[in-house]
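Q: Submitted below is the structure of interest, expressed as structure tokens.
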Amino acid sequence: MDKTLKNLLKTLLFLSVGVIILYIVYLKFNSDFQKECAVLGIPSEDCNFFKTIVSYIKSANYVWVCIALMFYMVSNISRSLRWQMLLEPLSHKPKFLNTLSTVMVGYLVNLGIPRSGEFIRAGLLSQYEKMEAEKVMGTIVTSRVIDVLCLLITIALTLLFSFDNFYNYFAQNSDLSDKFAGLLSTFNLLLLGFISLSFLAVLWKYRAALLATKIGQKVKKIFLGFWEGIVSIKDLKNPVLFVFHTIVIWVCYYLMTYLMFFSFDATTNLAPVAGLVVFVFGTLGIVVPSPGGMGTYQYLISEALMLYGVAFPEAFAFANIMFFSVQLLNVFLGVIGFFFLPIYNRND
């Protein structure tokens, strides 16, 4: 089968997973909506959840949506500049437009195949900047580790300012925590640990023989380059500026969510702390490996808004405005970046 066709089929497969998850979330809220209509005595023909959502989306103030997206783009600019700083210790500072374009292409690819965008942007930047792909990938891993730490700090701040809302949510959804606890049972953890340690012990025992093979040498070269990219952070020329860009990225993420509140009547009066809670719930939704967090993002954003008294039809409509406005921008800029890169670098 042709490689292009295979990639297309993979993209359609993962995209369909996201659509299915979103549809399941829609069915859940539609069922709740129909039950509410029955309680209120509203005839079923006047109780169309889809039309209700569409009417809410049409009524949104898209000036505020555009303002929120501007902060999203500022975060992407800072992310690109921060990435440049990580790459510079590797004796090469890439062009800013190359880093920004590959970041946007990566977001575009993630919509088709979750998490694959990181590999694509590493490959593209290494191609156009004449760098080793494994070193570039190492800097991306470092960026992601820093982002995870920032997410944990953000969650800690959210718990500090809004512990009651988190506690009430997980208390009301105790079945989720019970399932999670089951996965992390003592037996499962011990079994996983035993298998992992056994595998590492076998690799260590036969390390000399494995490294002597061609594949072993290649893996070693990749690992060393990868590691060099990861530890590039220790050679930063301006650590203060690096921290500044990291703060800008996450503050802009938060502001993007909070400012989006003003685009919608049901969320206009929510406090900044509510923006923090909704932002954290949405971020956790994106972490789930579906295309761009499709479905899981809408579900968790809606759940977070309902904690503050926003009715689920309005909450679901807001979540979709938030999700699709960002993703449409990612698609638009990702496509531009994909065609821009070879033109911009044709003389290199």
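Bear in mind these aren't lab numbers, they're just calculated from the coordinates by the rules spelled out. A quick note: this is a predicted structure, and the numbers were derived from the prediction, not measured. Note: ideal-geometry Cβ built from the backbone for every residue, glycine included; neighbour counts use all protein chains shown.
Q: How do the peptides 54-65, 310-321, 329-340 rank, highest first, by the average count of neighbouring beta carbon atoms within 10 Å per residue?
A: 310-321, 329-340, 54-65
Q: Okay, which of the range 312-336 sit inside 17 Å, backbone N to the point 7 Å along the Cα-Cβ direction of Ser55?
A: Of the residues in the range 312-336, 312-318 have backbone N under 17 Å from the label point off Ser55.
Q: Under a point-charge model restricted to the Cβ atoms of Lys and Arg (+1) and Asp and Glu (-1), what is the dipole moment magnitude of the range 18-106 relative to its Cα centre, in debye to the nearest 20?
A: Magnitude of the dipole: close to 480 debye.
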